[in-house]
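Peer 1: Quick one: the structure is below, and I'll ask about it shortly.
The values are calculated or read from the model by the stated rules, or taken from the named source; none is laboratory data. All figures in this text were calculated on a predicted structure; none of them were measured in a lab. With ideal geometry, Cβ positions are generated from the backbone for all residues, glycine too; neighbour counts draw on all protein chains shown.
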Amino acid sequence: MTQRRVRFAPSPTGPLHMGGVRTALYNYLYAKQAGGKFILRIEDTDSQRFVPGSEEYVIESLNWCGILPDEGVDKDGNIVETPCAEHPHAPYRQSQRKHIYRKYAEELVAKGSAYYAFDTPEELEKLRKEAESEKSSFIYNYKSRTSLKNSLTLPAEEVKRRLSEESGWTIRFQIPENRVVKMNDLIRGDIEVNTSTLDDKVLWKRADELPTYHLANIVDDHLMEITEVIRGEEWLPSLPLHYLLYEAFGWEKSRPQFAHLSLLLKPDGKGKLSKRDGDRLGFPVFPLQWINSDGEISHGYREDGYFPEAFVNILAFLGWNPGTEQEIFTLDELVEVFSLERVVKSGARFNHDKAKWYNQEYLRRKSTKELVEAFRAIEGEYLAGFDDKYVGAAVELIRDRAYFVHEFRSLCDFLFEAPEEYDPAGVNKFWKDEVKEIIPQVADFINSLEPFSKNIIEEKLENFIKTNGWGMGKVMNTLRLFLVGRSSGPRVADIMEILGKKEVSQRISNATARLG
Ligand code: GLU
């Protein structure tokens, strides 16, 4: 059996959208499941759309997600440029494979499946404009090609002359007329398209001596022995052309199978999930933060505090499900259960709450030690004076209420800094004369508690309040207000145990002095 070989083939035209990462993930899962290879190829033949930094961004994103290519990227995270045993098809950047493609385009001309076209961009633009003014559109196809300037219409001598003298010509694929192309998609099933709806796409351009996407993509998939092409649905309209190209080259036997993934949709299901939706609704659509050349910042899952495992799990479920109730899967578990059969045909709606829920689930599964490390990684200076035991106790107190580690500080800041102010609404509500009178006795009692552990504190303090016939809520809420500065927070005894007796007494006397 041939080895399964799939590829992720992004174009370096800006930051990778999360839908692109999902494509990479599904390719990765599909390859790993069969012990196959996951290849990264950079499709950078369109120099006009090239955005510096995007290639590095792709590699860093895949790295962060833990979906590492087997081929195409070396150990240092660089695209491989020279063939070696592990990366036999290098270079993996199409711009560096430039010399390969012309021969294939010429081969198709020789076989009668492609032709030279000499129409200038201006001439074609004129035809487009004319068609537009007549409310139709210009298509270079079996009908129009017979009246255009190409090797099918011009005398052989002139073609020869133009080929050597001109530098603006292209090679176009000659789409056969009125034939039904029968295709299969692993997700969508059988598809048929009549060739008369297709146009004669440019395959190769003399001007920059570069292939277009279609030619480079087919030639490279063939040379790299790709067995399945898993890519976004936006490429489905190109599938008939790709089938015809395989046929024209005589490569049908080794033609890969195709699977087109449906789009990620906006939360309301109306249209494609875009960066603007993310900005508007407050969630990232990119794996990592991206700063464009104007200094504009786009949010990234990494910088917004998502764990990579959670992000991967979120992506896996945007368009696939295991058919069971289980929702939490590690990458290795996904490799086990993933199947293209269970990828849905319809678009997958993004749900921000669900995404946060996933992160929370992963947060809950982390050890306190891991969370202390993560907390210190973002609040190093703030936590500098506190040892791991203390920070750990703080984390344990609030971890269940957080979706993200970056929420920790605001949830337990009162354990690291004494309140300077007290929530006015709380003061109004709880700081009444009757409470003022008893607080000194409560403070003395707290001071007498030994050991100062939460169970003892809770039991004895409650007993003390009850025995004196005071209102439990009144006293406890006031104490919380004094210790936290706010009216809400964790249980008073839990807070007290962590702060320790000395700090608790100090905070109570500070508060009474301040509030009078
Ligand atoms: N370079 C194409 C893209 O940017 C790849 C499409 C394919 O996988 O065939 O999406």
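Peer 1: If a residue has to be within 13 Å of the ligand (Cβ to nearest atom), under 19 Å from TYR104 (Cβ atoms) and in contact with a His (Cβ under 9 Å, 6 or more places away or on another chain) to count, how many in region 222-238 make the cut?
Peer 2: 3
Peer 1: For region 221-236, what are the residues that are in a strand (DSSP E or B) and not aliphatic (A, V, I, L, M)?
Peer 2: As a first pass, look at region 221-236 and keep what is in a strand (DSSP E or B): 228-232.
Matches in region 221-236: GLU228, ARG231, GLY232.
Peer 1: Has region 454-465 got at least one residue that is in contact (Cβ under 8 Å) with a residue 40 or more places away in the chain and under 50 Å from the mean Cα position of the chain (by Cα)?
Peer 2: Yes - at least one qualifying residue is present in region 454-465.
Peer 1: TYR422 is checked against (1) over 30 Å from PHE307 (Cβ atoms); (2) part of a helix (DSSP H, G or I); (3) modelled with pLDDT of 95 or more; (4) touching a helix residue (DSSP H, G or I) at 6+ places or on another chain (Cβ under 9 Å) and fails just one. What number does that condition carry?
Peer 2: Against the list (1) over 30 Å from PHE307 (Cβ atoms); (2) part of a helix (DSSP H, G or I); (3) modelled with pLDDT of 95 or more; (4) touching a helix residue (DSSP H, G or I) at 6+ places or on another chain (Cβ under 9 Å), TYR422 comes up short only on (2).
Peer 1: Of all residues in region 225-239, how many are surrounded by fewer than 21 Cβ atoms within 10 Å (Cβ to Cβ) and among the aliphatic types (A, V, I, L, M)?
Peer 2: Of the residues in region 225-239, 2 are surrounded by fewer than 21 Cβ atoms within 10 Å (Cβ to Cβ) and among the aliphatic types (A, V, I, L, M).
Peer 1: Those residues that are buried (at least 19 other Cβ atoms within 10 Å of the Cβ), within 16 Å of the ligand (Cβ to nearest atom) and touching a residue at least 40 places away in the same chain (Cβ under 8 Å), I need them from region 240-262; list them, please.
Peer 2: Passing the criteria: PRO240, LEU241, TYR243, LEU244, LEU245, PHE258, ALA259, HIS260, LEU261, SER262.
Peer 1: Just to be sure I understand the filter: pairs with C-beta atoms under 7 Å, separated by 6 or more residues or on different chains, first member in region 126-149 and in a helix (DSSP H, G or I), second member among the β-branched types (Val, Ile, Thr). Which pairs pass?
Peer 2: As it stands, the answer is THR146/THR153, since those pairs meet every condition given.
Conditions tested, residue by residue: (1) over 18 Å from the mean Cα position of the chain (by Cα); (2) over 28 Å from TYR28 (Cβ atoms).
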residue	(1), (2)
GLY295	yes, yes
SER298	no, no
LEU318	no, no
SER339	yes, no
VAL343	no, no
TYR382	yes, yes
GLY385	yes, yes
TYR390	yes, yes
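Peer 1: A further question on this structure: For the condition more than 16 Å from the ligand (Cβ to nearest atom) and modelled with pLDDT of 95 or more, what is the one hit in ASP200, ASP277?
Peer 2: ASP200
Peer 1: A further question follows. Tell me whether region 480-487 contains one or more residues that are more than 19 Å from VAL391 (Cβ to Cβ) and surrounded by fewer than 20 Cβ atoms within 10 Å (Cβ to Cβ).
Peer 2: Taking every residue of region 480-487 in turn, at least one turns out to be more than 19 Å from VAL391 (Cβ to Cβ) and surrounded by fewer than 20 Cβ atoms within 10 Å (Cβ to Cβ).
Peer 1: Among all residue pairs at least 6 apart or on different chains, which show Cβ distances below 9 Å where the first residue, located in region 415-438, is closer than 15 Å to ARG507 by Cα and the second is assigned to a helix (DSSP H, G or I) and basic (Lys, Arg)?
Peer 2: Cβ pairs passing all conditions: PHE416/ARG409; ALA418/ARG507; PRO419/ARG507; GLU420/ARG514; GLU421/ARG514; TYR422/ARG514.
Peer 1: Let me ask another. Quick one: ALA216 ticks every box in (1) without any contact (Cβ under 8 Å) to a residue 24 or more places away in the chain; (2) of a type outside the set (D, E, K, R); (3) under 30 Å from LYS345 (Cα atoms) except a single one, so which number is it?
Peer 2: Among (1) without any contact (Cβ under 8 Å) to a residue 24 or more places away in the chain; (2) of a type outside the set (D, E, K, R); (3) under 30 Å from LYS345 (Cα atoms), the lone unmet condition for ALA216 is (1).
Peer 1: Go through region 392-406 residue by residue and tally those that are crowded, with 16+ Cβ neighbours inside 10 Å and within 30 Å of the chain's Cα centre (by Cα).
Peer 2: 7
Peer 1: Report yes if TYR101 is closer than 24 Å to GLU233 by Cβ and part of a helix (DSSP H, G or I), otherwise no.
Peer 2: Here the answer is no, as TYR101 does not meet what is asked.
Peer 1: May I pose another question? When you go through (1) farther than 29 Å from GLU379 by Cβ; (2) part of a helix (DSSP H, G or I) one by one for ASP400, which number turns out not to apply?
Peer 2: Looking at each condition in turn, ASP400 falls short on (1).
Peer 1: Limited to region 486-502, what total is found for residues that are in contact with a helix residue (DSSP H, G or I) (Cβ under 9 Å, 6 or more places away or on another chain), at pLDDT 95 or above and not hydrophobic (A, V, I, L, M, F, W, C)?
Peer 2: Within region 486-502, residues that are in contact with a helix residue (DSSP H, G or I) (Cβ under 9 Å, 6 or more places away or on another chain), at pLDDT 95 or above and not hydrophobic (A, V, I, L, M, F, W, C) number 6.
Peer 1: Further question: Which members of region 203-221 meet the condition of being small (Gly, Ala, Ser) and more than 11 Å from the ligand (Cβ to nearest atom)?
Peer 2: Restricting attention to region 203-221, the residues satisfying the condition of being small (Gly, Ala, Ser) are 207, 216.
The one that is small (Gly, Ala, Ser) and more than 11 Å from the ligand (Cβ to nearest atom): ALA207.
Peer 1: Could I ask something else about it? Give me the residue from region 1-52 that is under 17 Å from the mean Cα position of the chain (by Cα), assigned to a loop (DSSP other than H, G, I, E, B) and not polar (S, T, N, Q) and, out of that set, farthest from the ligand (Cβ to nearest atom).
Peer 2: Checking each candidate, the answer is PRO15.
Peer 1: Let me ask something else. Mind telling me which of the residues GLY72, GLY66, GLY35 ends up being in contact (Cβ under 8 Å) with a residue 24 or more places away in the chain and either buried (at least 18 other Cβ atoms within 10 Å of the Cβ) or charged (D, E, K, R) (or both)?
Peer 2: GLY72
Peer 1: So, ASP190, is that one in a strand (DSSP E or B), more than 16 Å from the ligand (Cβ to nearest atom) and exposed (fewer than 15 other Cβ atoms within 10 Å of the Cβ) or not?
Peer 2: Against the criterion (in a strand (DSSP E or B), more than 16 Å from the ligand (Cβ to nearest atom) and exposed (fewer than 15 other Cβ atoms within 10 Å of the Cβ)), ASP190 qualifies.
Peer 1: For region 433-473, name all the residues that are surrounded by 12 or more Cβ atoms within 10 Å (Cβ to Cβ) and not in a helix (DSSP H, G or I).
Peer 2: Across region 433-473, the qualifying residues are LEU449, PHE452, SER453, ASN468, TRP470, GLY471.
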